[in-house]
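The values are calculated or read from the model by the stated rules, or taken from the named source; none is laboratory data. Note that the structure is predicted; figures quoted are calculated from it, not measured. Don't worry about glycine lacking a Cβ; one is built from the backbone with ideal geometry, like all the others, and counts go over all protein chains shown. Calculation scope for accessible area: heavy atoms of the full protein, side chains included, ligands and nucleic acids excluded. Shrake-Rupley method; radii C 1.70, N 1.55, O 1.52, S 1.80 Å.
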Amino acid sequence: MTTTLITGANKGLGLETARRLLRAGHTVYAGMRDTAKGTDAAALGAHVLQLDVTDDESVASAIASLPELDVLINNAGIVGSHAGVDEFGADDLAAVFDTNVYSIVRVTRAALPLLRASGNARIVNVASGLGFPRFVTDPARVESTIAGLGYMTSKAAVIMLTLQYSKMLPSMRVNTIDPGYTSTDLNGHSGPQTVTEGTDAAVAMATIGHDGPTGTFSDRDGLIAY
């Protein structure tokens, strides 16, 4: 049985990823800050787990409660401040990085002993095309039409962080994915994709074998060339 932990799994992409991996036979732990919001995850059959990715003690307690771990999906994320260049400050950037980037380091470091004990450890980090320079400079892509200093910068950091983890953890499969423009609370449900379409890449990377790719960036259509 494959044991999977998903952060930010009470709604949206995290909840749908939980649903699909449960259907694939995984034992899923649905991490979330407020377990009172875990009704939908519990109804699917997931184990609801209190996990505040911005708090070291919460992360340590959550990981310590797991019997084993094969797949870690770092999905939790926030948009952060929409302030313009004259108002956006270092504190605004730190706030979005705390959830979107630093949390990956917190959770991954805590989970490494369990992942190292797995015969097929996989880490999937949820990034975004909004943090991929080739996409945001291509006028044919929607990413080029959106500007912001916090969220986009944090997702660029997630892509590079994943590449470095893949080099430093050669026995594991460590990949990052772009869900695409998906209808979620994060964008006011403006995205044209369904949450099922938006989780295709995460599910694909969560279910690869020990000989699967590592250090890659992909979306639902497959690998994206750097």
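Quick one: net charge of Thr199's neighbours, Cβ under 10 Å, K/R +1, D/E -1?
Neighbour charge sum, excluding Thr199 itself: 0.
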| All lysines inside 20 Å of Lys37 as judged from Cα atoms, apart from same-chain residues fewer than 8 positions distant | Lys11
| query | Along segment 83-96, what does the Karplus equation 6.51 cos²θ - 1.76 cosθ + 1.60 (θ = phi - 60°) give for ³J(HN,Hα), rounded to whole Hz, x for Gly and Pro? | reply | 4, x, 5, 7, 10, 5, x, 4, 5, 5, 5, 4, 5, 6
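Find out how many positive minus negative residues lie around Asn120, taking Lys and Arg as positive, Asp and Glu as negative, among other residues whose Cβ is under 14 Å from that of Asn120.
0
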| query | When the helix-only estimate is applied to the chain (DSSP H runs of n ≥ 4, each -39,500 (n - 2.57), divided by the residue count), what is the mean residue ellipticity at 222 nm, nearest 500 deg cm²/dmol? | reply | -10500 deg cm²/dmol
| query | Near the amide H of Thr3, under 5 Å away, which other amide H atoms are found, from residues 5 or more places off or on another chain, if H is placed in the peptide plane? | reply | Thr27, Asp70, Val71
| query | Of all accessible surface on the chain at a 1.4 Å probe, what whole percent is carbon and sulfur? | reply | 54
| query | Could you give the accessible area per residue of the chain, probe 1.4 Å, as a whole number in Å²? | reply | 46
| query | Considering only the other residues whose Cβ falls under 10 Å of the Cβ of Thr3, what net charge follows from Lys and Arg at +1 and Asp and Glu at -1? | reply | -2
| task | Please list the equivalent ellipsoid semi-axes of segment 85-173, computed as the square roots of five times the alpha-carbon gyration tensor eigenvalues, in descending order and whole angstrom. | result | 29, 17, 8
| request: List the residues whose amide H sits under 5 Å from the amide H of Gly180, counting only those 5 or more places along or on another chain, with H placed 1.01 Å from N in the peptide plane. | output: Gly129
| task | Name the shape class, rounded, prolate or oblate, that the alpha-carbon gyration tensor gives for segment 1-135, where a ≥ b ≥ c are the square roots of its eigenvalues, rounded holds for a/c under 1.5, and otherwise prolate holds if a/b is larger than b/c and oblate otherwise. | result | prolate
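Counting DSSP beta bridges with both partners in the chain, what percentage is antiparallel, nearest 5? Please list the in-between numbers first.
Values: 2 of 25 bridges.
In the chain, approximately 10 percent of DSSP beta bridges are antiparallel ones.
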| Give or take rounding to whole Å, what are the principal axis extents of the alpha carbon atoms in the chain, in descending order? | 48, 37, 32
